[in-house]
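This report concerns only the one structure given below.
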Amino acid sequence: MAFELPKLPYAYDALEPHIDARTMEIHHTKHHNGYTTKLNGAIAGSDLEGKSIEDILGNLDMSNGAVRNNGGGFYNHCLFWEVMSPDGGGTPSGDLAAAIDAEFGSFDAFKEQFSAAAGTRFGSGWAWLCVHKGGKLEVCSTPNQDNPLMPDTGCSGQPILGLDVWEHAYYLNYQNRRPDYVAAFFDVINWDKVAELFAANK
Ligand code: MN3
């Protein structure tokens, strides 16, 4: 079974004014679609065909550029769409809120650390919130389409929140103002989904 581009769980214009419809449409139908198609091409006929994306990335030969870039791109965007919602924003509650307070001191301190990870990533990449078995949280960032599931990226654990800081994710609306885009992301974070991923992977 080849990997398929997932449908967005909301309309392209649903995240406006925080993320504009044109950016969402191009990002989904061009960028994510491209990673998906190229991933399928890269694994076709190899022993990776038929494996789950988590299995492929977790055991990745990092010298395999085609699978690293396109497998990462496929997985990262699947998570990205899921952790945003037109009903998002605000702050988490319950066990996730308690884990954030325990690790970072407060939600505001977490937000500052995550925003710094996103803001200081040079060039293209992602900022992540990950959970380790036992419930410990970690904020980190990776270049390009790398992610914490891959070996030796300097990030580890299961990603439960990911922010795309490639220029294609924000340039039409924010031009070079990445910090404004990162701030806007916090207005659309689907904390219910992040809490669900936290509970399933802690
Ligand atoms: Mn992207």
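Just so it is clear, none of the values below were taken in a lab; they were calculated from the coordinates. This structure is a prediction, so every number in the text was calculated from the model and none was measured. As a convention, Cβ positions derive from the backbone with ideal geometry for all residues, glycine included, and neighbour counts pool all protein chains shown.
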Can you name every residue in segment 159-172 that is crowded, with 18+ Cβ neighbours inside 10 Å and over 12 Å from the mean Cα position of the chain (by Cα)? Tyr170
In segment 1-45, how many are surrounded by fewer than 19 Cβ atoms within 10 Å (Cβ to Cβ), under 18 Å from Gln175 (Cβ atoms) and β-branched (Val, Ile, Thr)? 1
Restricting attention to helices (runs of 4 or more DSSP H) lying wholly within segment 1-76, give those where 2 or more residues are within 14 Å of the ligand (Cβ to nearest atom). 21-26, 33-43
Is it the case that Ala195 is aliphatic (A, V, I, L, M), farther than 15 Å from Cys78 by Cα and either touching a helix residue (DSSP H, G or I) at 6+ places or on another chain (Cβ under 6 Å) or surrounded by 18 or more Cβ atoms within 10 Å (Cβ to Cβ) (or both)? yes
So which pairs qualify, if the first residue must be in segment 73-94 and within 15 Å of Trp166 (Cα to Cα) and small (Gly, Ala, Ser), the second must be in a strand (DSSP E or B) and within 16 Å of the ligand (Cβ to nearest atom), the Cβ gap must be under 6 Å, and the two must be at least 6 apart or on different chains? none
Within the group Ser93, Ser156, Ser115, Ser63, which residue is surrounded by 14 or more Cβ atoms within 10 Å (Cβ to Cβ) and farther than 24 Å from Asp20 by Cβ? Ser156
